[in-house]
Amino acid sequence: MALESRRPTVHDERMTTAAPSKMAVLLERTGLLSPPQIEELLALYGQGGQSLPGLVVSKGYAREEAFLEKLAEVLGVPFLRVGEQPIPADVLTKLPPKAVFQYNVVPVALENNVLRVATPDPFLPGLVDSLRLASGLRVRLALSPAADLAKAAKKLYGVGADTMEQMIQDNRIEVAPEEDILAKQDLSELDQEASVVKFVNQVIWEAYQDRGTDIHLEPMETDLRIRYRIDGVLHQTPVPPQLKRFQAAIISRIKVMAGMDIAEKRLPQDGRISLRIRGEEIDVRVSTMPTVYGESVSLRLLMRSSGMLGMDKLGLSEKDEAVLKKLIHKPHGILLVTGPTGSGKSTSLYAWLHTINSIDKRILTIEEPIEYEMAGINQIQVRPEIGLTFAVGLRHILRQDPDVIMVGEVRDKETAEIAIRAALTGHLVFSTLHTNDAAGAVTRLVDMGIEPFLVASSIEALVAQRLVRRLCPACRKPWKVDDKLLEAAGFPRERLSEGAIYEAAGCEECRMTGFRGRTGIYEILVVSDHIRPLVIARASSNEIKSAAIHHGMRTLRTDGWTKVLQGVTTLEEVLRVSEEDEAMSET
């Protein structure tokens, strides 16, 4: 049913159109605003564009919650924190999702054929009349903060529920033409999209707003599950129950955007989408995989600007940052970053390159894929299908007169040998390796077949790193010290005097997770004169690590404990991402 827009009405059917004079009286009775402020607000409101509660908040005259509470008292309507109490399913069905999302309202109760609807703006033009038409019921309002309502609507109806409703009403499945509509279009402008196209846009837009790095569309037997990876942890997002019905169309749309073969559903495929969100260029890596109930689709969101972090934003301690800055300005040698997938290795390498990038240095990289494009640096994309591997590319890079070379990953003996030869002939080489700690990189290279004396003479330092979630500063709370847990974690109790330990609580700003953003913990093993003889003697990684600790190296756990005591993260986070320091217990 069409939703109409008329002149302003106030809080329920009993109220007539709110004239400016009446609105002035209502605002005055809240006791929060002075006459000049009220006059200014009404003048701005008359110009259109922003809601009256929104103007009060944006001008800094009152917090939204406090203003709405007082306004509710004046109007004689309830003030609610939607989401704190369950809402019956039959109440939710009384309003179509299109009305819920268009007006940012949520139906909260039904009594005697009167529907109580929570809104952040009781002065919205035509609100009550439109809701009455949409529901077929008498409507009375309640007031609730806008953020509460937006979150509740998404949770109760599912992402893209309004679009899904339109798709069902149209009784058709729309697949966009083969050209990529999103390539040069800003995703914040969603209004004119066809239904399936708009739904896919909304999923990507939601993930971006929630700081997601990955989107997974996973076909189940009876539904299509959508999960976002936020701060390294997967969260399932609510979706409309009818979503499974449009699974084929949604997946086909994503494949069209990524330039894949939409007819091929039996084999895995890879693709890439370039799009823009609020002016920010974003690359999306797309991977499809056939499963029992259809194709599973994974999208990796690569925000180009977020890769350009300075070294001061990586979470390094002052001492570690000083050590690394000295190392990355060396004229030759290899610096290896180690850690599992998703531990921030590429971000660290880009931060190093960003720090040393200058007109007097020729920097070349060979990567798979190129995650962030950097001005002034020559970047090469690995293409194994035509024979351009890391080893082949690196061999040719050496003929390009480079000063600094970045290799995305050392995967085999051939790549390692060429990188070492480059380091020994006067080039500075940055690369990554998949090992659990810094010392393990030495034994990994030797296991690949590299002679220990070459490892010892070419590698300048090994950096192990992990990412831990940052505590939300708005809701973190002091942790009541548990001696048993400290002992089980191996936390040195004597360090408690250095700071305070906090734990996660959860609030609206952090999606009730207690965390917001991530930072790194680091282990930097400088291959010094104390370490080289051990490498040449083929010592075990534990022996090398013990010697490094003896000469001042801080382990991942030690750096993690420092960030715990600084109130940056929690004990559980450090335990989750790092292994027990066996070498530490042996020293």
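The values are calculated or read from the model by the stated rules, or taken from the named source; none is laboratory data. Predicted, not measured: the structure shown is a model, and the values here were computed from it. Note that each Cβ is placed from the backbone with ideal geometry, even for glycine, and that neighbours are counted across all protein chains shown. Ligands, DNA and RNA are stripped out before the accessible areas are found, and what is left, the full protein with its side chains, is counted by its heavy atoms. Shrake-Rupley method; radii C 1.70, N 1.55, O 1.52, S 1.80 Å.
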| Which condition does Pro369 not pass, out of (1) assigned to a loop (DSSP other than H, G, I, E, B); (2) buried (at least 18 other Cβ atoms within 10 Å of the Cβ); (3) touching a residue at least 60 places away in the same chain (Cβ under 8 Å), if it passes all the others? | (2)
| request: Select from segment 508-531 the residues that are modelled with pLDDT under 95 and open to solvent by 50 Å² or more (accessible area, probe 1.4 Å) and write down the one among them that is farthest from Ile544 (Cα to Cα). | output: Glu508
| said: Between Val139, Val197, which is modelled with pLDDT under 85 and among the aliphatic types (A, V, I, L, M)? | reply: Val197
| remark: Taking segment 209-234 and the residues there that are assigned to a loop (DSSP other than H, G, I, E, B) and open to solvent by 40 Å² or more (accessible area, probe 1.4 Å), the one that is nearest to Ala150 (Cα to Cα) would be Arg211
| query | Would a scan of segment 496-503 turn up a residue that is in contact with a Ser or Thr (Cβ under 8 Å, 6 or more places away or on another chain), at pLDDT 90 or above and farther than 17 Å from Leu565 by Cα? | reply | no
| task | Report the residue count in segment 450-470 for those that are under 28 Å from Arg518 (Cβ atoms) and open to solvent by 10 Å² or more (accessible area, probe 1.4 Å). | result | 5
| note | All conditions in (1) farther than 14 Å from Thr213 by Cα; (2) at pLDDT 90 or above; (3) surrounded by 17 or more Cβ atoms within 10 Å (Cβ to Cβ) are true of Arg362 except (3)
| remark: Note on segment 393-422: residues closer than 16 Å to Arg362 by Cβ and in contact with a His (Cβ under 8 Å, 6 or more places away or on another chain) are Leu398, Pro402, Asp403, Val404, Ile405
| request: Note down all Cβ pairs under 7 Å where the first residue falls in segment 93-112 and is of a type in the set (S, T, N, Q), the second is at pLDDT 85 or above and not in a loop (DSSP other than H, G, I, E, B), and they're at least six residues apart or on different chains. | output: Asn104/Ala146; Asn104/Leu149
| remark: Sole miss for Gly342 among (1) open to solvent by 40 Å² or more (accessible area, probe 1.4 Å); (2) on the phi < 0 side of the Ramachandran plot; (3) not charged (D, E, K, R) is condition (2)
| message | For the structure I just gave you, tell me whether Leu388 is open to solvent by less than 50 Å² (accessible area, probe 1.4 Å) and under 24 Å from Val442 (Cβ atoms). | response | no
| For segment 403-419, how many residues meet the condition of being closer than 20 Å to Ser346 by Cα, open to solvent by less than 40 Å² (accessible area, probe 1.4 Å) and either among the aromatic types (Phe, Trp, Tyr) or more than 32 Å from the chain's Cα centre (by Cα) (or both)? | 3
| request: Look at segment 491-507 and say how many of its residues are open to solvent by 50 Å² or more (accessible area, probe 1.4 Å) and out of contact with any Gly (no Cβ under 9 Å at 6 or more places or on another chain). | output: 4
| Flag if Asp447 is on the phi > 0 side of the Ramachandran plot, surrounded by fewer than 17 Cβ atoms within 10 Å (Cβ to Cβ) and without any contact (Cβ under 8 Å) to a residue 60 or more places away in the chain | no
| task | Select, from Gln85, Gln50, the only residue that is assigned to a loop (DSSP other than H, G, I, E, B), modelled with pLDDT under 90, farther than 16 Å from Ala118 by Cα and open to solvent by 60 Å² or more (accessible area, probe 1.4 Å). | result | Gln50
| With (1) among the hydrophobic types (A, V, I, L, M, F, W, C); (2) in contact with a Phe, Trp or Tyr (Cβ under 9 Å, 6 or more places away or on another chain); (3) within 27 Å of Gly344 (Cα to Cα) as the list, and Val455 as the residue in question, which single condition is left unmet? | (2)
| message | Suppose the filter is closer than 30 Å to Glu385 by Cα and not acidic (Asp, Glu); does Ala263 pass it? | response | yes
| said: Against the condition of a type in the set (Lys, Arg), exposed (fewer than 15 other Cβ atoms within 10 Å of the Cβ) and closer than 25 Å to Ala423 by Cβ, how does Lys313 come out, does it pass? | reply: no
| request: Report yes if Leu190 is among the hydrophobic types (A, V, I, L, M, F, W, C), open to solvent by 10 Å² or more (accessible area, probe 1.4 Å), closer than 28 Å to Asp129 by Cβ and modelled with pLDDT under 50, otherwise no. | output: yes
| Which condition number in (1) loosely packed, with under 15 Cβ neighbours inside 10 Å; (2) farther than 30 Å from Ala152 by Cβ; (3) not aliphatic (A, V, I, L, M) is the one that Lys477 fails? | (2)
| Is it fair to say Asp360 is under 22 Å from Arg470 (Cα atoms) and over 20 Å from the mean Cα position of the chain (by Cα)? | no
